[in-house]
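Engineer: First the structure, then my questions, so here it is.
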Amino acid sequence: MSSSDSLRVLFVDDEGPIRDVMANELPRMGHEVTICADGASAISAVDKATFDAAIVDLRMPGVSGWDVIEHIKGVAPETEVIISTGHGGLDDAIRAIRQGAYDFLLKPSKLAAIANVLKRISEKRALSNRALALESQLKAVQGTTSLIGETSVMRRVKLLVERVGPTDSTVLILGETGTGKELVAQEVHSQSQRAGKPFVPVNCGALPENLVESELFGHGKGAFTGAEKARKGLIEVANGGTLFLDELGELDKSMQVKLLRFLESGEVRRVGENEPFQVDVRVVCATNRGLEEMVAAGTFRQDLFFRVNTFEINLPPLRERQGDIPSLAAHLAARILKRPKISPEMLTAELLEALSKHTWPGNVRELANALEHAVILAGGQPMTADHLPSSVLNSSPVESVGMNFTPPTQAMTLREIEMNVIESVLDKHDGDKPKTAKELGIALKTLYNKINQNQSRAAG
C-alpha cells in the first residue's frame, strides 16, 4: 500500500488481546495506528491529533464508546467512525447511523472485514481530496494544459518536462511573471504517475502572513482563535498528487524552515497538534525572483534552495519566443470563446502583425488580456489590430521597457540593467509605483521586492 492510501487509525478497545492483535495487524495493512485501552485515553488522543478513521468498542467501563464517538464528531467530523461491539442489536445500529458512524462491525471481527472497511474509507478520502484540490484551483476558464509553441526555446522546455515528468523529483520552474509557470507545473503533473491524483496550486505570495502555516499544514480544533474545527492543510489535500508552490521566494524564513523539514521528512504536523503524519506529495516550485541572490543576501535559506533545485526549468519570456505568438493567439482566443478551436480567418494578418511588434512585458498573461479585449470588441467577427488595447497598439520596443531607457555603454550585469529599467520607468511616472508595476507587467509586490533587494545590496 502506498503512503497516499495509508490511513491514520485510532483503535479503542478495553480487551488487551484484541488490542495486541490490532497493534500488529493494522500496520501490516499499511496504516498508522494509535491504540487506546479506554474511552478517556481515546478522547485525549483525539484532542492531540487528527485521525482518518476510528474503530471504537461500544461497551467499555467508565467513558463509553458512545461518548468517544460523540466527542470525535464534535472535534473532528471528518474522522470516519467504525463501531465494533459484541453486543450489537438493531437499536445500536440505528443509533450508530444517527451519530454519523461509517460502519458497524460485530465482534469478533474478521481482519478481512476490517481491511475492506478501511479500504473504502481510503477511497472516499482520495475522492474528497481531489474535490478539495479542484476547488482550490478556482479556474475561471477551462482549457488544455498542453504547452503551446514550437520555437527552439519552447521545444527545450517541452523536452525537460518530458524527461522529469515521469520521475518524482522536485522541480524548480524559473521565469518572469506571466510566462505560464503554473501551466508548466500542470504539464509536469499530467506526465507523471500521479496524473489521476490532486494537483494543488498554492500562491505563497497571496497567503496571509498569519495564516501561512495553517493554510499549508492545516490546524487542529482550538489551535487559535476562530479554529472551531480541525482543517486539512493544502499539503494534505495534495496527498498522492502534486503540490505546486508558486512565488516560493515570498515565504519568510520561519516558513522556509518548516517547508524544508517537510521536504526532508515527508511529515506534516497540523498547527496545534503534537503528532506528525506522513504524506506522499511531489513538490513543484516556481519563482520569478533570483533565489541565489536571495541566498547571498540572507533572505532565502541555502539548504532549502539546494533541496528545491533538484531539476530546473527556465521558462522564456514571450519576447524570446515571438514565433509562437500566432499559435498562442489562436489557442487563447479559442479558450476565451470557449471553443475547441477557432477558424484561421478570426485572426487577421493585420492583428498578428500588431501582436508581433509588441514586446509583451507582461508575457503570455498580457497577450491573453489583449486578446480578450479584441474578442469583446470584435463581437464574433474577425479580429483586427483596431480591436487591440491601446497599450499594445501604441507601444514600441523602447516604450515597453521605459521611455527613458537607453542601452548600456559599458559592461553591466543583468540585474543592473533591470534596475536601470525600473528606475527609468519610476522617473517616467514620478515615483508612482502602481503605475510603474503596471507598465512593467509585474506585480506591485514584486516591484517593491526588487527595489528593496537593490537597496540591500547597495547598503552592503
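The values are calculated or read from the model by the stated rules, or taken from the named source; none is laboratory data. Every value quoted in this text rests on a predicted model; they were computed, and no experiment measured them. FYI the Cβ positions are ideal-geometry reconstructions off the backbone, even for glycines, and counts take in every protein chain you see.
Engineer: Scan the stretch 115-138 and give yes if some residue there is modelled with pLDDT of 80 or more, basic (Lys, Arg) and either assigned to a loop (DSSP other than H, G, I, E, B) or at positive phi (or both), otherwise no.
Structural biologist: No; the residues of the stretch 115-138 include none that is modelled with pLDDT of 80 or more, basic (Lys, Arg) and either assigned to a loop (DSSP other than H, G, I, E, B) or at positive phi (or both).
Engineer: Could you say which residue among 173, 235 is farther than 30 Å from residue 360 by Cα and either among the small types (Gly, Ala, Ser) or touching a strand residue (DSSP E or B) at 6+ places or on another chain (Cβ under 8 Å) (or both)?
Structural biologist: Details: 173 fails: farther than 30 Å from residue 360 by Cα.
Answer to the selection: 235.
Engineer: Still on this model: Is there a residue being within 29 Å of residue 227 (Cβ to Cβ), in a strand (DSSP E or B) and β-branched (Val, Ile, Thr) anywhere in the stretch 39-62?
Structural biologist: Yes: one or more hits.
Engineer: Still on this structure, please answer the following. Give the residue that is nearest to residue 437 (Cα to Cα), with candidates limited to residues of the stretch 353-368 that are buried (at least 16 other Cβ atoms within 10 Å of the Cβ) and without any contact (Cβ under 8 Å) to a residue 40 or more places away in the chain.
Structural biologist: Filtering first and then ranking leaves 368.
Engineer: Only one of (1) modelled with pLDDT under 90; (2) more than 30 Å from residue 289 (Cα to Cα) is not met by residue 347, so which one is it?
Structural biologist: Every condition holds for residue 347 apart from (1).
Engineer: Of all the residues that make up the stretch 1-48, how many are among the aliphatic types (A, V, I, L, M), at pLDDT below 90 and either buried (at least 20 other Cβ atoms within 10 Å of the Cβ) or assigned by TED's automatic domain parsing to the domain that holds residue 268 (or both)?
Structural biologist: So the answer is 1.
Engineer: Shifting gears a bit: Take residue 28 and tell me if it is of a type outside the set (Gly, Ala, Ser) and under 18 Å from residue 99 (Cα atoms).
Structural biologist: Taking the combined requirement at face value, the residue does not satisfy it.
Engineer: Separate question: Mind checking which residues of the stretch 271-328 are closer than 26 Å to residue 453 by Cα, assigned to a strand (DSSP E or B) and either in contact with a Cys (Cβ under 6 Å, 6 or more places away or on another chain) or hydrophobic (A, V, I, L, M, F, W, C) (or both)?
Structural biologist: Matches in the stretch 271-328: 284, 285, 286, 311, 313.
Engineer: For the stretch 99-114, name all the residues that are in a helix (DSSP H, G or I) and out of contact with any Leu (no Cβ under 8 Å at 6 or more places or on another chain).
Structural biologist: Residues of the stretch 99-114 that are in a helix (DSSP H, G or I), as a first pass: 111-114.
Residues satisfying the conditions are 111, 112.
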